[in-house]
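Trainee: The following block contains the structure, expressed as structure tokens.
The values are calculated or read from the model by the stated rules, or taken from the named source; none is laboratory data. Keep in mind it's a predicted model, so treat the numbers as computed, not measured. In this analysis, Cβ positions are derived from the backbone assuming ideal geometry, glycine residues included, and neighbour counts consider all displayed protein chains. Just the protein is used for accessible areas: all its heavy atoms, side chains included, with ligands, DNA and RNA removed. Shrake-Rupley method; radii C 1.70, N 1.55, O 1.52, S 1.80 Å.
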Amino acid sequence: LSILLSILVPAHPTRSPDCGGILNPSGLRYCKWGPCSSHVVSREGRWQDLQPNTITSHHRPAHFHHPLPRASNEGGRNYVSSVKVTDLSLLLIPDAGLRLSIDVDLAVTPTASTSKAVRLSIVADLHVEMNPTGNLEVVTSACKPTVEETRSSEETRSSEQIRSTPSHHHRSPPSDHPSAHFAAQFPITPSCQVQYLPLAAPVISEQGITISLQTTFQVAGVEVPLPVSPVPFSMPEPASSSPSHLTLAFSEHFYSSLFFALEMAGAFNMSIPSALTTATMAQKITQMGSLFQDDFPVILQTEVRSSPRVVLEEGQAALKLFLTIHIKAGPPAFQSILSVNVDISAGLLLSVADTKMKISAAAIEDIEISLAASDVGPIPATLLEELFLPTIREEIPAQVNAILSEGVALPHISGFTYTNVNVMIHKVRNKVFELLPALLGVKRRWE
């Protein structure tokens with residue numbers, strides 16, 4: 001149920017997806033169970049964890065609980081003193097939805113001096129659909145709750161059914177559930193955020209629950225208009241032998257859009273310190289002496305000449321930057337000496353920590369430098385390489401890594417983290433995807 005509720009956000013059918021995920025049946029089974037726990041409800045109606053030495057050995061579904069409304073036994077109302085989920089099952093129904101079955105043991109106190117044990121059982125069919133406003137919502141159909149009184153003092157349960165509710169339909173609005181984490185805007189840098197939006201209701205099949213997502217980026221609160229993907233995206237089929245609970249897939253267009261958004265945020269307008277001074281440059285470029293009689297420090301200031309690109313190939317990823325670097329000297333006012341065009345290709349290293357994708361630039365593999373403008377006359381390419389390439393090779397990857405140091409949040413479910421992630425870059429049907437088969441792990445509530 002948490003899986004379905006986590007995707008309830010506005011959908012945009014006119015857009016095309018650039019990433020997505022498949023929750024495998026093994027992941028759905030895992031999401032049912034979490035650490036052992038039981039709960040009680042205080043007289044004020046607050047939900048409280050029991051102390052560790054009172055925790056039962058029966059597992060409960062992870063995070064499948066909700067604070068009960070304030071209850072009391074005033075006016076003849078029953079008071080629920082404890083709640084324990086004893087069994088929960090989710091059955092995939094291909095092309096339809098899920099069947100939820102749940103058994104809950106309640107301790108009910110009709111009066112201050114008496115109590116009784118009650119078993120609440122619910123069977124409901126669930127599916128997700130898009131409503132006329134373009135939102136996704138969970139629709140509950142054929143829901144049948146039953147209540148049976150049990151006699152905990154005996155080792156047998158009475159089969160007395162004291163209430164049965166007829167089947168009914170119920171729709172869960174998308175904005176009312178706290179698990180809708182795809183709707184959240186996750187920061188990449190202080191001014192740049194990422195958001196994942198589902199484009200249609202998830203597809204439920206024997207392979208699991210599949211959803212396609214459109215990524216949007218905001219810079220200073222304004223959505224960045226992204227270039228159209230030249231290659232349509234569709235989720236690759238999961239390997240039948242994979243032990244993973246969930247697989248995320250990201251297209252080449254996703255990564256290029258990410259770096260395009262960073263460009264719009266000004267992340268690649270960098271100021272790079274240099275060991276050069278006007279005096280050391282004058283030893284190689286004679287006209288420097290006529291511009292600067294004193295010795296001043298030299299800095300390199302970069303700006304994007306053309307939008308960055310990310311290229312995914314079988315087993316590897318590469319970042320291509322197209323920069324203009326202005327060489328300036330000063331202070332007090334830094335004066336431009338010359339400008340060079342620099343094309344850089346560096347490998348990208350991809351990993352996952354918790355619910356974030358970690359991206360870092362490896363050493364520069366290929367670099368081209370050419371003179372764009374000069375106030376000190378023509379300069380041969382070999383001299384440009386001698387003067388500036390050592391600084392560029394060292395500083396550009398380091399500054400890119402500083403920009404990406406916080407990582408990029410992945411689509412995730414409330415209360416879960418990713419473990420044992422195997423990052424694969426794989427070509428499927430003439431299209432290249434980054435695949436993240438992962439196991440799910442449960443976060444402790446206080447984290």
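Trainee: Please count how many residues of the stretch 378-430 are farther than 21 Å from Ile188 by Cβ and among the small types (Gly, Ala, Ser).
Mentor: 2
Trainee: Separate question: Select from the stretch 196-213 the residues that are within 18 Å of the chain's Cα centre (by Cα) and either part of a strand (DSSP E or B) or farther than 30 Å from Pro94 by Cα (or both) and list them in ascending order.
Mentor: Tyr196, Leu197, Pro198, Ile209, Thr210, Ile211, Ser212, Leu213
Trainee: How many residues are open to solvent by less than 30 Å² (accessible area, probe 1.4 Å), in a helix (DSSP H, G or I), aliphatic (A, V, I, L, M) and under 20 Å from Thr324 (Cα atoms) when one looks only at the stretch 249-272?
Mentor: So the count comes out to 2.
Trainee: Using the structure shown, decide if Pro202 is out of contact with any helix residue (DSSP H, G or I) (no Cβ under 7 Å at 6 or more places or on another chain) and open to solvent by less than 30 Å² (accessible area, probe 1.4 Å).
Mentor: Yes, satisfied.
Trainee: Kindly indicate the residue of the stretch 86-119 that is closer than 26 Å to Pro198 by Cβ and among the β-branched types (Val, Ile, Thr) and also least open to solvent (accessible area, probe 1.4 Å) among those meeting that condition.
Mentor: Ile102
Trainee: While we're on this one: Identify, by number, the condition in (1) at pLDDT below 80; (2) in a strand (DSSP E or B); (3) over 23 Å from Leu23 (Cα atoms); (4) open to solvent by 30 Å² or more (accessible area, probe 1.4 Å) that Ile122 doesn't meet.
Mentor: So the condition that Ile122 fails would be (1).
Trainee: Report yes if Glu223 is modelled with pLDDT of 85 or more and loosely packed, with under 15 Cβ neighbours inside 10 Å, otherwise no.
Mentor: Yes: the conditions hold for Glu223.
Trainee: Would the stretch 290-299 turn up any residue that is more than 25 Å from Ser405 (Cβ to Cβ) and part of a strand (DSSP E or B)?
Mentor: yes
Trainee: Here's a check for you: in the stretch 373-424, which residue that is under 30 Å from Phe292 (Cα atoms) and among the charged types (D, E, K, R) is most open to solvent (accessible area, probe 1.4 Å)?
Mentor: Residue satisfying both the conditions and the ranking: Glu394.
Trainee: OK, next. Can you tell me which residue among Thr216, Thr247, Thr277 is at pLDDT 90 or above and within 30 Å of Asp95 (Cβ to Cβ)?
Mentor: Of Thr216, Thr247, Thr277, the one residue that is at pLDDT 90 or above and within 30 Å of Asp95 (Cβ to Cβ) is Thr216.
Trainee: Can you confirm whether Pro232 is closer than 28 Å to Val304 by Cα and open to solvent by 10 Å² or more (accessible area, probe 1.4 Å)?
Mentor: yes
Trainee: Please name all residue pairs, on different chains or six or more residues apart, with Cβ atoms under 7 Å, provided the first residue is in the stretch 427-440 and is among the hydrophobic types (A, V, I, L, M, F, W, C) and the second residue is modelled with pLDDT under 75 and open to solvent by 30 Å² or more (accessible area, probe 1.4 Å).
Mentor: Note: pairs meeting the criteria are Leu440/Tyr30.
Trainee: Go through the stretch 331-355 and give me each residue that's closer than 28 Å to Ile425 by Cα, open to solvent by 50 Å² or more (accessible area, probe 1.4 Å) and assigned to a strand (DSSP E or B).
Mentor: Correct list: Leu349, Ser351.
Trainee: In addition: Assuming Gln193 fulfils every condition listed in (1) in a loop (DSSP other than H, G, I, E, B); (2) open to solvent by 30 Å² or more (accessible area, probe 1.4 Å) apart from one, which condition is it?
Mentor: Of everything listed in (1) in a loop (DSSP other than H, G, I, E, B); (2) open to solvent by 30 Å² or more (accessible area, probe 1.4 Å), Gln193 misses just condition (1).
Trainee: Moving on to the next point. Quick one: which residue in Lys328, Lys320, Lys358 is open to solvent by 40 Å² or more (accessible area, probe 1.4 Å), under 30 Å from Gly415 (Cα atoms), in a strand (DSSP E or B) and touching a strand residue (DSSP E or B) at 6+ places or on another chain (Cβ under 6 Å)?
Mentor: Lys358
Trainee: Identify, by number, the condition in (1) closer than 30 Å to Leu384 by Cα; (2) over 18 Å from the mean Cα position of the chain (by Cα); (3) open to solvent by 20 Å² or more (accessible area, probe 1.4 Å) that Thr278 doesn't meet.
Mentor: If we test Thr278 against (1) closer than 30 Å to Leu384 by Cα; (2) over 18 Å from the mean Cα position of the chain (by Cα); (3) open to solvent by 20 Å² or more (accessible area, probe 1.4 Å), just (3) comes out false.
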